[in-house]
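Contents: one structure, followed by commentary.
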Amino acid sequence: MSIPRFERTPLHLAALISGRGRALENLVQRSEAGTLNAKVVLVLAPSTRTPGLQVAEKRGIPIRIVTVGDYGGASPEEQVARFSEAVFSACQAAQVDLLVTAGFVGRLKVPEAFAYRVISTHPALTPAFSDLHLFGLQVYEAVVAYGVKITGCTVHFVDDHPHLGPVIFQQPVEVREHDTVTSLEARVFALECDLLPEAINLLAANRLTISGRRVKVLPPA
């Protein structure tokens, strides 16, 4: 299976969020500044109390709430499947080209129709610190506790594992002797703010190909 060829620009993005919406804010600002060849047309969140929804509300971006708790009584795998079905149904209805999981905490089951049309970031150099249950600040806590000297940011396609899809970009960040979770997170997030838009722009320009798990950046046309 190959990366789909996108026929329109700017790309229409959906953002799936769980937290403060900082990554979403970054994408919206870059879109407004003309440095991101995409615009956010839909924001999805698991709760009406998700703080990052304020970013969408301020700009009039449509919001869809999809709650895992709606599927009580189902097995964990079935909950993920039903939640994912609701997410991607909303994306299809909004004619979304690309889904970005921007700080989303949880799992998705990506349907074939959205293969290589879902991307995310992970605040470590995968496969390091990519346990299925590690998200957000938990990753930084694990990095600091382990005592590694290098960590970084990964931008990747999303498959059924939230952190281990094919890698688009990775860049290292030094873990300094006196780093705290807060100081390390600030430097990694700053890097994410550059790498994620760069990956989206490459997709919009149809400059990414994949062979097996190897993602290659094509030269400009």
Can you list residues whose amide H is under 5 Å from Val40's amide H, if they're 5+ apart or on another chain and H is modeled 1.01 Å from N?
Leu13
Once you put a point 7 Å from the Cα of Val181 and another 7 Å from the Cα of Arg59, both along the Cβ direction, what distance in nm separates them?
2.9
Suppose a student asked you for the relative contact order of region 70-221, using Cα pairs under 8 Å spaced at least 6 residues apart; what percent would you report?
18
Residue by residue through region 32-39, what is 3J(HN,Hα) from phi via Karplus (6.51 cos²θ - 1.76 cosθ + 1.60, θ = phi - 60°)? Round to whole Hz and write x for glycine and proline.
5, 7, x, 9, 10, 7, 6, 9
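Just the accessible area per residue of region 156-221, please: how many Å² with a 1.4 Å probe?
That works out to 52 Å² per residue.
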Of all beta bridges DSSP finds with both residues in the chain, what is the antiparallel percent, to the nearest 5?
50
So the carbon and sulfur contribution to the accessible area of the chain, 1.4 Å probe, in percent, is 52
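For the chain, what does the helix formula give at 222 nm: sum of -39500 (n - 2.57) over DSSP H segments with n ≥ 4, over the residue count, nearest 500 deg cm²/dmol?
Counting only the DSSP helices, I get -10500 deg cm²/dmol.
Leaving out ligands and nucleic acids, and using a 1.4 Å probe, what accessible area per residue does region 1-148 come to in Å²?
Value for region 1-148: 49 Å² per residue.
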DSSP-assigned coil residues among GluC sites (Glu not before Pro) in region 133-221, each with at most 10 further Cβ atoms within 10 Å:
Glu177
Spelling out what I want: for every residue of region 74-81, take phi, set θ = phi - 60°, compute 6.51 cos²θ - 1.76 cosθ + 1.60 (Karplus), and round to whole Hz; glycine and proline get x.
7, 5, x, 5, 5, 4, 4, 5
State whether the chain is rounded, prolate or oblate according to the following rule on the C-alpha gyration tensor (a ≥ b ≥ c being the square roots of its eigenvalues): a/c under 1.5 gives rounded; otherwise a/b larger than b/c gives prolate, and the remaining case gives oblate.
rounded
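Just to be sure I follow the definition: excluding the sites themselves, where is the longest run in the chain that has none of the trypsin sites (Lys or Arg not before Pro) in a DSSP loop with at most 13 other Cβ atoms within 10 Å?
Longest gap between qualifying sites, sites excluded: 50-148.
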Those GluC sites (Glu not before Pro) in region 1-37 that DSSP places in a loop and that have at most 10 other beta carbons within 10 Å
Glu7
Search the structure for amide H atoms under 5 Å from the amide H of Val118, placed 1.01 Å from N in the peptide plane, and list their residues when 5 or more places away or on another chain.
Leu99, Val158
For Lys39, counting only lysines whose alpha-carbon sits under 27 Å away and dropping same-chain residues fewer than eight positions off, the answer is Lys58, Lys109, Lys216
How much FRET efficiency would the formula 1/(1 + (r/R0)^6) give for Ser211 and Arg82, where r is the Cβ-Cβ distance and R0 is 35 Å, rounded to 0.05?
0.60
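Once you have a ≥ b ≥ c as the square roots of the Cα gyration tensor eigenvalues for region 114-166, tell me rounded if a/c is under 1.5, and otherwise prolate or oblate according to whether a/b is larger than b/c.
Prolate.
The values are calculated or read from the model by the stated rules, or taken from the named source; none is laboratory data. As the structure is a computational prediction, the values presented were derived from the model and not from experiment. A quick note on method: Cβ atoms are made from the backbone with ideal geometry, for glycine too, and the neighbour counts reach across all protein chains shown. Heads up: the accessible areas ignore ligands, DNA and RNA and are worked out on the full protein's heavy atoms, side chains in. Shrake-Rupley method; radii C 1.70, N 1.55, O 1.52, S 1.80 Å.
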